[in-house]
Amino acid sequence: MKNFYMNVIISGFGGQGALIIGDILACAGMLSGYNSSFYPSYGVEMRGGTANCMVVITSGEVYSPVMGKVDNLIALNQESVDAFLKRVKEKGAVFINSSLVRWNGQREDVEVFEIPANSIAEKIGVPKAANMVVLGAFLGIKNVIPPEKVETAMNIYFSGREDIVKANVRAFKEGLEWVSRLKGEGR
């Protein structure tokens with residue numbers, strides 16, 4: 001196994017599924033043979049309040065699940081960009097749900113991916129799975145975890161709820177397809 005280290009803050013408001021995609025990402029990392037940590041944080045309100053998590057996936061030891069500066073940020077709403085953008089390292093990557101977030105060029109030293117997640121999820125008939133569209137786009141761009149490991153992690157997370165698994169896998173694959181179209185590969 002090659003040396004590998006990736007970290008990400010995933011944030012949104014409660015009910016958008018930021019913690020779900022963090023948990024699935026960490027599980028997929030473990031299924032891929034890496035060490036993973038998932039560190040959730042959310043306000044007392046749950047739905048509608050702030051929710052975020054930190055995920056570390058590495059071939060080495062996870063020394064702390066809490067990070068000061070990060071390589072990646074997934075922001076599902078505007079408040080998440082406002083709260084966490086300053087924590088992204090120079091030359092880091094920011095993935096935003098452009099259906100809900102406006103990128104105003106706040107930083108020029110990071111790479112920004114504007115993913116119309118809500119629009120894509122609504123178009124394919126699974127509006128509650130916009131988070132999985134973002135996860136698919138994130139992993140399609142980063143290309144660090146095999147998609148089949150993510151699908152296995154979804155089956156574990158949503159065990160016994162086949163309709164929810166199918167909807168989330170569909171949205172995840174649509175995020176991967178969005179990246180293929182972005183890169184001009186088409187599938």
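State which residue is nearest to Leu100 (Cα to Cα) when the search covers only the range 7-41 and only residues that are open to solvent by 10 Å² or more (accessible area, probe 1.4 Å) and assigned to a strand (DSSP E or B).
Top of the filtered list is Phe13.
Residues being open to solvent by 10 Å² or more (accessible area, probe 1.4 Å) and in a helix (DSSP H, G or I): count how many of those fall in the range 132-158.
Total meeting the criteria: 11.
Out of all the residues in the range 84-99, is one or more in contact (Cβ under 8 Å) with a residue 60 or more places away in the chain and surrounded by fewer than 20 Cβ atoms within 10 Å (Cβ to Cβ)?
yes
Looking only at residues in the range 55-82 that are part of a helix (DSSP H, G or I) and of a type in the set (Asp, Glu), which one is least open to solvent (accessible area, probe 1.4 Å)?
Of the range 55-82, the ones part of a helix (DSSP H, G or I) are 78-82.
If we keep only those that are of a type in the set (Asp, Glu) as well, we get 79, 82.
Working: Glu79: 118, Asp82: 102 Å².
It comes out as Asp82.
Checking Ser99 against (1) outside any loop (DSSP other than H, G, I, E, B); (2) touching a Pro at 6+ places or on another chain (Cβ under 6 Å): exactly one of these is not met. Which one?
Status for Ser99: all satisfied but (1).
The values are calculated or read from the model by the stated rules, or taken from the named source; none is laboratory data. This one's a predicted model, so the numbers in the text were calculated from it and none came from an experiment. Counting neighbours? That spans all protein chains shown, and the Cβs are built from the backbone with ideal geometry, glycine included. Remember, those area values only see protein heavy atoms, side chains included, never the ligands or the DNA or RNA. Shrake-Rupley method; radii C 1.70, N 1.55, O 1.52, S 1.80 Å.
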